Amino acid sequence: MFNHDNLQAVQTLFGGIYIGVVEKNNDVTRPGQVQVRVFGLHTSKKTKDKIEGIPTTELPWAIPGGPIQGGSVSGQGWSGVPQQGSHVLVCFIGGDHNYPIYFASVGGQYKTLPDSELGFSDPAGVYPTGTGHDFHFAGRGTPVNHGTPVGPEPANPSEPVYPKNLVLANEHIIVEHDTTPHKERWSITHVGDSGISYLEIQPDGSVVRKAQGSAYEVTVGDAYVHVGAKETKTVVGDSTETVQGKMTINVSGGDTIVNCTNGNILLKGAGDVDLGGIITDKCKCHFTGNNHGDKSTVVKATK
């Protein structure tokens, strides 16, 4: 195994592509840099002696080589840092091992978990989280859990088939671009402390949004909603709608029915409430209980 100090003293150029393991990724002063222990260049020993050994803190910082989209200038393009314990591809500027660039990641497969006390592993012992393959389970064909359906929420239609499901994931967010024939989907899933929330375009064209917390929709300009068939809405708690301008409700296809099983129906206005021709029976006097002589078309508002 090469010794890091010896390499500094010789004129050897490293012009190939190497594989290394990220051992530190939290350099906030120069974001994106990571310290990588490179196979074939560094030893796994972290304690120095007269022959070999290099602590994580003395590994050279590797700068990221991002995709060309956006150009990696002024925050454009893709900004992200690999987790500690990740395998990455490394090359060296001018072949100098003191100036590494990492530009891609390589998944591994683990029969046993690496020893975090040695090099080529996550010093915190967090990653990998278990044995097996690093390739995401959804990309291998296992559906992402959407939790127990609530109300009219449809069953999870996910049936990904390898290699048709393109997955972008981190610890809590999973984005799927699934092109499995006849099961095509686009989905983003958030796994949080409160439960599983997701937004999904399903194979039949249905769009499902499930929010474990509150849901907010803000439209600064006009909003237009078209429902081609029927609409069903269930509110478990109270419902309030505030209209600061004029409100018009047009019903042209049938009756308008208001059912209130556990309370009163109150109509309040600043002036009279005009019910038009809705009332067809004679009004009863609230004091005598007798019918009024004429049918009423105008009810005085409650102020």
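Each of His42, His226 was scored by other Cβ atoms within 10 Å of its Cβ. Listed from fewest to most, they are His226, His42. Going from the residue with the fewest nearby Cβ atoms within 10 Å to the one with the most, Thr57, Thr112 rank Thr112, Thr57.
State the extension gain, in nm to one decimal, for the chain segment bounded by Gln212 and Val161, taking 0.36 nm per residue of separation less the distance between their alpha-carbons. Let's see the in-between values first.
Working: separation 51, 0.36 × 51 = 18.36 nm, distance 2.83 nm.
Length difference between fully extended and current span is 15.5 nm.
Each Cα pair under 8 Å and six or more residues apart adds its separation to the average, and for the chain the resulting relative contact order is 10 percent.
If each residue of separation counts as 0.36 nm, what is the full-extension length gain between Glu153 and Ile249 once their alpha-carbon separation is subtracted?
Details: separation 96, 0.36 × 96 = 34.56 nm, distance 2.84 nm.
Working it through step by step, the gained length comes to 31.7 nm.
Residues Glu117, Glu23, Glu217, Glu52, ranked from the fewest to the most other C-beta atoms within 10 Å, line up as Glu217, Glu117, Glu52, Glu23.
Which whole number of Å³ per residue matches the convex hull of the alpha-carbon atoms in region 180-250? Walk me through the numbers before you get to the answer.
Working: hull volume 12.7 nm³, N = 71.
Cα-based convex hull of region 180-250, divided per residue, equals 179 Å³.
Annotation note: chymotrypsin sites (Phe, Trp or Tyr not before Pro) in region 191-274 located in DSSP loop regions with a Cβ neighbour count of at most 11 within 10 Å are Tyr216, Tyr224. Going 7 Å from the Cα of Asn145 toward and past its Cβ, which residues in region 193-232 have a backbone nitrogen under 15 Å from where you end up? So the set is 193-198.
Please work out, to two decimal places, the log10 of the ratio I(q)/I(0) at q = 0.12, 0.16 Å⁻¹ from a Debye calculation in which every Cα of the chain carries one identical scatterer. Once normalised to I(0) and log-transformed, intensities are -0.99, -1.36.
Return the loop-located GluC sites (Glu not before Pro) in region 152-203 (DSSP other than H, G, I, E, B) with at most 13 other Cβ atoms within 10 Å of their own Cβ; answer none if there are none. Hits after loop and neighbour filter: Glu171. When the alpha carbon gyration tensor of region 1-129 is reduced to an equivalent ellipsoid, the three semi-axes, largest first, read 23, 19, 13 Å. Estimated at 0.36 nm per residue, the fully extended path between Glu171 and His226 surpasses their Cα-Cα distance by 16.1 nm. The label point for Val81 and the one for Trp186, both projected 7 Å from the Cα toward the Cβ, are 3.1 nm apart.
Just so you know, all these numbers are worked out from the coordinates, no wet-lab data involved. Note that the coordinates shown come from a computational prediction; the quantities given were computed from them, not determined experimentally. A quick note on method: Cβ atoms are made from the backbone with ideal geometry, for glycine too, and the neighbour counts reach across all protein chains shown.
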